[in-house]
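So the structure is just underneath, and the comments pick up after that.
Every read-out reported here was derived from the displayed coordinates using simple, explicitly stated rules and does not represent laboratory data. Everything numeric here is computed off the predicted structure, so don't read it as measured data. Cβ atoms come from the backbone with ideal geometry, glycine included; neighbour counts cover every protein chain shown.
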Amino acid sequence: MIDLKVLRENPDLVRASQRARGEDVGLVDVVLAADERRRSLIVEFEGLRAEQNLLSKRVGSATPAERPNLLESAKDLANAVKRADAERGAAESALREASNALSNIVEAGVPEGSEENFVVLEHVGTPRDFAAEGFEPLDHVELGKVLGAIDTERGAKVSGARFYYLTGNGALLEFALINLAMAQAAEHGFIPVIPPVLVKSKAMEGTGFLGQAAENVFHLEEDDFYLVGTSEVPLAAYHMDEILDGAKLPLRYAGFSSCFRREAGAYGKDTRGIIRVHQFDKVEMFSYCPPDEAPAEHRRLLAWEKEFLNAIEVPYRVIDVAAGDLGSSAVRKFDCEAWIPTQNAYREVTSTSNCTEFQARRLNIRMRDSEGTKPLATLNGTLCAVPRIIVAILENHQQPDGSVNIPLALRPYLGGREKFLPVNA
């Protein structure tokens with residue numbers, strides 16, 4: 001939820017943001033009208049309440065002859081107060097519903113346009129020239145079979161399309177990646193967390209995932225639970241309805257969880273392998289910080305994502321995501337995309353977003369410092385989305401004999417092994 005004071009004082013800023021996102025500019029006027037009606041009804045309600053208080057005092061000091069008429073007036077006024085209170089409550093609800101439809105205000109400098117209009121900020125590492133090395137690289141599905149690491153056929157048999165098993169070397173690689181990610185996060189002061197993956201609607205709505213992203217959320221209607229698509233959701237809601245000590249910020253958490261996504265609208269995309277799946281494991285960084293520190297914290301999260309990708313020794317690039325491709329909560333987002341040799345393309349493996357005060361307002365999370373109590377900023381960043389990182393490692397570190405070199409940083413978590421060998425070698 002954006003700051004209504006900003007909306008009132010600079011509606012053109014919000015209109016420009018909506019336009020940059022490719023979203024409905026008319027929502028700005030809808031929210032302004034709802035805000036004006038709410039404020040008008042508050043004035044009306046408070047005026048009636050003040051009149052009611054004065055009348056109550058008059059009744060207390062009235063003569064027996066005056067009292068019947070005053071009591072009748074008090075009864076009528078009480079009904080008027082009740083009606084005004086109900087109208088005020090309805091207006092509050094209408095304003096909240098209208099406000100929730102508005103996305104966060106895009107940060108200055110974000111590239112304009114839609115998904116394809118991102119700006120590349122840097123390239124790190126150089127893709128291998130497999131032709132010069134004299135062999136044709138296998139894709140991660142073929143390598144997964146050779147190494148006994150990935151089984152998509154049985155995943156489909158048991159659960160349907162976009163499911164998979166990690167077996168043997170694949171399962172060991174996941175555990176190594178999670179351990180490496182958590183060790184790095186803890187080293188940088190993050191508190192490790194294993195959160196619930198079933199959440200109530202308030203948590204899902206508060207983080208902005210029941211708006212434009214709702215089609216990709218699994219909902220268990222009978223119990224009214226939502227399966228999280230990222231541990232950002234339970235980590236954001238962890239301090240819901242709380243006031244945090246500003247002196248202890250930033251407060252950083254690293255959450256490990258399974259994640260669930262319907263992948264609606266992805267028909268025909270990435271149907272082979274484990275790049276786009278319904279269930280996967282992930283380590284997510286989450287930070288609560290003072291609003292004025294959010295841009296710098298955003299860059300720190302990006303730096304920690306790059307540190308992890310450097311550790312697994314794969315080429316990647318960093319992009320500044322265009323306004324039309326931002327989630328509703330984010331004012332800016334940076335993605336790291338790893339090079340996938342058999343696709344001859346960079347594919348997203350991590351993402352970090354600055355959500356400023358947007359989620360905190362919706363979840364009623366505030367901070368207290370010397371200036372008083374106010375909303376704080378929330379930020380999130382993927383440290384390790386397991387399936388895509390596995391794809392990047394297998395394809396970039398494969399050898400002509402079907403083996404895969406294990407990055408140095410992962411070897412301590414794999415008993416010192418230097419390679420994954422074909423299962424029949």
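Here are the numbers for the structure shown:
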{"read-out": "Angle between the chain longest axis and helix 169-187 axis [Cα atoms, degrees, rounded to 10]", "value": "50"}
{"read-out": "Proximal lysines relative to Lys157, as straight alpha-carbon distance under 23 Å, when same-chain residues fewer than 8 apart are discounted", "value": "Lys145, Lys269"}
{"read-out": "Computed [θ] at 222 nm, deg cm²/dmol, the chain (DSSP H ≥ 4; -39,500 (n - 2.57); rounded to nearest 500)", "value": "-13000 deg cm²/dmol"}
{"read-out": "Dipole of the chain, positive direction: furthest Cα of Asn179, His278, Leu220, with charges on the beta-carbon", "value": "Leu220"}
{"read-out": "Selected from Thr342, Leu249, Val124, residue furthest toward positive end of dipole (the chain; charges at beta carbon)", "value": "Leu249"}
{"read-out": "Fewest-first ranking of Phe130, Phe135, using other Cβ atoms within 10 Å as the exposure measure", "value": "Phe135, Phe130"}
{"read-out": "Most mobile listed residue (Gly273, Gly160, Gly415) in the chain, GNM with C-alpha springs under 10 Å", "value": "Gly415"}
{"read-out": "Charge dipole (debye, nearest 20) of the chain; +1 at Cβ of Lys and Arg, -1 at Cβ of Asp and Glu", "value": "880"}
{"read-out": "Between helix 11-21 and the chain: long-axis angle, C-alpha atoms, 0 to 90°, nearest 10", "value": "30"}
{"read-out": "Pairs beyond 27 Å (Cα-Cα), from Lys202/Lys306; Lys5/Lys75; Lys202/Lys374; Lys333/Lys374; Lys333/Lys419; Lys57/Lys82", "value": "Lys202/Lys306; Lys5/Lys75; Lys333/Lys419"}
{"read-out": "Over the stretch 4-100: Rg over Rh, Cα atoms, Kirkwood Rh", "value": "1.27"}
{"read-out": "Residues Thr382, Thr63, Thr373, Thr352 arranged by fewest to most Cβ contacts within 10 Å", "value": "Thr63, Thr373, Thr382, Thr352"}
{"read-out": "The chain: angle of helix 27-61 to the longest principal axis, Cα-based, in degrees nearest 10", "value": "40"}
{"read-out": "Residue among Asp76, Asp320, Asp224 with the largest mean-square fluctuation in a Gaussian network model of the chain, springs linking Cα atoms under 10 Å", "value": "Asp76"}
